[in-house]
Amino acid sequence: MPSRTSTTKKVQKTGKQSPIPKEILENAFRLMATAKAMTDIYEANFKFVSKYVHATSRGHEAIQLAVGMQLHPQDFAYPYYRDDSMLLGMGLRPYQLMLQLMAKRDDPFSGGRSYYCHPSLRDEHFPKIPHQSSATGMQAIPATGAAMGFWYHEKMGTLPLGSAKNGKKYHTETVVNLDNPYPYHHKERKEMDAKPGLVVCSLGDASVTEGEISEAFQMAVLKKLPILYLVQDNGWDISANAAETRVANAAEYAKGFPGLETVSIEGNDFETCWNTVQDIFEKIRRERRPFLLHARVPLLNHHTSGVRKEWYRDDLAEHAQRDPYPILQKLLLENGFSAKDIQQIENEAIKTVASDFKLSKNAEDPRPEDLFTHDYAPTPVTEELGERSPANGETKVMVDCALFAIEELMREYPDCLLYGQDVGRRLGGVFREAATLAEKFGDHRVFNTPIQEAFIVGSTAGMSAVGLKPIVEVQFADYIWPGLNQLFTEVARSCYLSNGKWPVSCVLRVPIGAYGSGGPYHSSSVESVVAQIRGVKIAYPSNGADLKGLLKAAWHDPNPVVIFEHKGLYWSKVPGTEAARTVEPDADYIIPFGKARTALSADNQKIEKGESLAIITYGMGVHWALNAAAQFPGQIEILDLRTLCPLDEAAMYEAAQRHGKVLVVTEEQVNGSFAQTLAARIQENCFNFLDAPARTIGAENMPAVPLNTILEQRMIPSIEKVAKAMGDLLGW
Ligand SMILES: Cc1ncc(C[n+]2csc(CCOP(=O)(O)OP(=O)(O)O)c2C)c(N)n1
Ligand SMILES: [Mg+2]
């Protein structure tokens with residue numbers, strides 16, 4: 001068993017004669033000279049290239065090359081914005097990096113959507129690079145999620161994406177010409193490719209103080225995940241230095257996570273870097289446990305093109321003395337290369353960089369219509385299938401419909417797993433929404449996480465990248481906030497910013513809504529905020545059959561889906577919500593997203609006489625409306641949206657046109673709510689058909705749902721309030 005204590009090793013240089021093969025030294029120097037030539041040409045063309053912000057690796061090259069050159073196609077890498085040498089080390093050409101520098105159409109990573117050195121690559125021959133955002137440190141959770149995906153695959157005996165034995169063709173087209181001089185190919189590559197993969201999460205020193213880093217470390221140690229956290233310590237944030245921003249360096253900080261083995265090195269010395277990385281990678285591949293490599297490096301170029309070193313740096317001379325470039329040159333000289341050899345390699349690098357620069361400058365820009373591709377990956381679920389109300393079906397509460405849907409999914413698909421707080425064996429969820437699943441499928445398929453909403457949400461990006469489809473949950477909508485950063489930054493944009501390469505397939509279950517004296521932290525509605533996050537899909541069912549059918553569709557969807565499950569409907573505990581119990585649909589039942597359901601129809605006679613009204617709603621609103629409609633027989637049509645994104649706009653507008661009067665009902669505070677935008681859209685699109693303003697009814701515009709019952713009832717809508725609003729509109 002690996003030690004539970006954190007050990008920090010100072011690695012010393014060993015001898016004069018390097019044990020590193022000459023071929024590797026030559027490659028490394030060629031790449032280092034290339035990286036330097038790239039920085040130089042960017043500086044020489046500063047005005048042109050800094051139209052879009054960029055940072056380069058000058059000073060960090062040795063450690064980056066040591067890592068990049070030792071990665072294999074089965075590995076997953078999460079570089080950060082200063083890692084251009086790491087990308088060269090993996091085998092990318094300057095041309096490909098420069099296409100992103102200039103935001104060109106053929107930028108292989110993002111098609112001109114993201115900045116220089118924000119790579120994403122899904123290529124058979126290369127380490128996999130899932131999308132990572134530009135937010136410092138935030139890639140640690142998705143990266144750790146990918147490592148957790150390896151852990152899961154190994155428990156299940158299944159193969160991750162990228163594995164040489166995995167016959168599935170997950171990759172997109174090959175973007176890299178393998179004949180170019182840049183890819184470094186291991187001689188023993190075939191043998192290496194058969195070894196288990198690992199994950200590298202690359203971080204700047206200042207990013208380690210982000211809170212989310214600790215969530216990642218915690219999980220890496222808890223589950224003994226095969227990941228290397230590489231921290232490149234140049235002592236600088238942007239202009240804030242280490243002394244004013246941290247109490248410990250990354251290696252010292254990691255001591256708080258026993259089991260995360262740390263190694264500290266001088267990251268400017270290629271020989272030390274190569275040997276250390278080789279040793280750590282071997283251990284991770286064999287022993288499946290996490291490491292943190294803390295590499296001290298100088299920062300020789302600007303923070304970014306926009307923040308210039310001359311403005312604030314007082315340590316430039318000291319950093320220049322630690323330049324990795326002459327150190328590697330010296331190593332080459334000690335290993336049989338002549339000054340002439342070195343000069344020749346340098347000249348070739350400069351020439352290649354100059355010609356690649358020219359080539360990329362002439363490359364095509366994105367076209368305006370390119371804006372609209374890859375916001376979502378296409379879903380296979382396009383029609384309602386299966387039996388919604390099987391003849392011999394039993395009536396079930398809503399929470400059980402969800403439970404049975406997940407059980408059916410887990411039975412059929414080994415890539416389906418569930419994790420979150422308290423969903424594991426002892427309790428099966430605080431609402432018993434996962435009861436018995438861990439017993440049936442094992443603790444590796446249904447497990448508890450620490451209280452880490454950011455990890456729960458963000459890890460799905462990594463899990464999905466290695467070919468899994470996790471279902472996760474936050475315990476209450478009230479506690480989704482720590483997870484929203486990951487949802488917005490890493491999960492929702494992954495498909496779009498990777499130009500379609502890395503959609504995140506995950507289902508996030510969110511118990512939501514007021515259910516009687518839950519008070520301010522167990523009653524909130526949050527759908528408007530989530531609906532603002534483009535790139536996720538949202539379901540908000542009002543009954544068991546829809547919940548089951550939508551959960552199935554959500555799971556098969558290659559995109560991230562948030563599914564709001566109303567706590568008041570789970571057991572039809574709130575009076576008037578009996579209709580949430582339904583016959584349980586059969587195992588094949590599935591409902592495509594974006595298709596509303598008519599929960600109640602109005603009489604044609606009433607419609608023709610202009611005495612009818614359309615209610616547009618979802619979730620609890622459906623039940624308030626159903627009950628209130630009893631006071632207006634034949635006059636009310638209720639459209640249950642079922643999904644908020646995609647939205648069945650056509651059904652909404654048809655209902656508005658049919659009745660000429662529309663009331664949108666929501667449980668949320670009404671001002672600025674998603675529901676209010678629906679009323680606005682109806683007004684914009686159906687103005688000529690309306691006989692009254694499209695109205696919205698929702699909760700009072702107060703900051704929280706109060707605990708006291710009288711206050712709670714005053715705050716949120718009710719059957720009576722909805723009935724009054726119906727009467728007002730019908731009387732218009
Ligand atoms: C979450 C977040 N906050 C702030 C920024 C702005 N920012 C960009 S780089 C940077 C400094 C990061 O320093 P470090 O992680 O040490 O990397 P270095 O640039 O030194 O290589 C900051 C604050 C950001 N990108 N993301
Ligand atoms: Mg730094």
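The values are calculated or read from the model by the stated rules, or taken from the named source; none is laboratory data. Small disclaimer: the values here were computed from a predicted structure and weren't measured. Please note: Cβ atoms are built from the backbone with ideal geometry, for glycine as well, and neighbour counts cover all protein chains shown.
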Response to the item:
For segment 119-158 the number of residues that are in a loop (DSSP other than H, G, I, E, B) and within 16 Å of ligand 2 (Cβ to nearest atom) is 6
Item to complete: Name the helices (runs of 4 or more DSSP H) wholly inside segment 469-544 in which the number of residues that are more than 12 Å from the chain's Cα centre (by Cα) is 2 or more.
Response: 481-486, 527-531
Worksheet entry | Of residues in segment 94-107 being of a type outside the set (A, V, I, L, M) and crowded, with 24+ Cβ neighbours inside 10 Å, the one nearest to Lys501 (Cα to Cα) | Asp107
Worksheet, complete the sentence: Given the conditions (1) outside the structural domain of Leu161 (by TED's automatic domain parsing); (2) surrounded by fewer than 24 Cβ atoms within 10 Å (Cβ to Cβ); (3) more than 15 Å from ligand 2 (Cβ to nearest atom); (4) part of a helix (DSSP H, G or I), every one holds for Ala254 apart from (2)
Item to complete: Would you point out the residue of segment 218-234, among those that are more than 16 Å from ligand 1 (Cβ to nearest atom) and outside any helix (DSSP H, G or I), that is surrounded by the fewest Cβ atoms within 10 Å (Cβ to Cβ)?
Response: Lys224
Worksheet item: Do you know which residues across segment 98-118 are in a helix (DSSP H, G or I) and over 23 Å from Ala140 (Cβ atoms)?
Response: Met98, Leu99, Leu101
Worksheet item: Counting residues that are of a type in the set (Lys, Arg), which helices (runs of 4 or more DSSP H) fully inside segment 665-732 reach at least 2?
Response: 719-730
Worksheet item: Restricting segment 204-226 to residues that are among the hydrophobic types (A, V, I, L, M, F, W, C) and more than 13 Å from Ser459 (Cα to Cα), which is nearest to ligand 2 (Cβ to nearest atom)?
Response: Ala206
Item to complete: Collect the residues in segment 565-600 that are of a type in the set (A, V, I, L, M, F, W, C) and free of Cβ contacts under 8 Å to residues at least 60 places away in the same chain, keeping them in residue-number order.
Response: Val574, Ala579, Ala596, Ala599, Leu600
Fill in: Candidate set: segment 123-142, residues that are away from ligand 1 (no atom under 15 Å from the Cβ) and touching a strand residue (DSSP E or B) at 6+ places or on another chain (Cβ under 6 Å); chosen: the one modelled with the lowest pLDDT
Pro127
Item to complete: Could you tell me whether Glu215 is charged (D, E, K, R), crowded, with 23+ Cβ neighbours inside 10 Å and within 24 Å of the chain's Cα centre (by Cα)?
Response: yes
Worksheet item: So is Ala66 among the hydrophobic types (A, V, I, L, M, F, W, C), farther than 21 Å from His131 by Cβ, surrounded by 24 or more Cβ atoms within 10 Å (Cβ to Cβ) and more than 16 Å from ligand 2 (Cβ to nearest atom) or not?
Response: yes
Discussion item. So, Tyr81, is that one surrounded by fewer than 24 Cβ atoms within 10 Å (Cβ to Cβ), under 30 Å from Ala461 (Cβ atoms), hydroxyl-bearing (Ser, Thr, Tyr) and within 15 Å of ligand 1 (Cβ to nearest atom) or not?
Written reply: yes
Worksheet item: For the subset of segment 200-217 comprising residues that are outside any strand (DSSP E or B) and of a type in the set (Ser, Thr, Tyr), which member is farthest from ligand 1 (Cβ to nearest atom)?
Response: Ser214
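To keep it simple, each residue is scored yes or no on (1) aromatic (Phe, Trp, Tyr); (2) more than 16 Å from ligand 2 (Cβ to nearest atom).
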residue	(1), (2)
Ala28	no, yes
Ile41	no, yes
Tyr80	yes, no
Asp84	no, no
Worksheet entry | Flag if Tyr229 is touching a strand residue (DSSP E or B) at 6+ places or on another chain (Cβ under 8 Å), within 22 Å of Ala454 (Cα to Cα), within 16 Å of ligand 2 (Cβ to nearest atom) and hydroxyl-bearing (Ser, Thr, Tyr) | yes
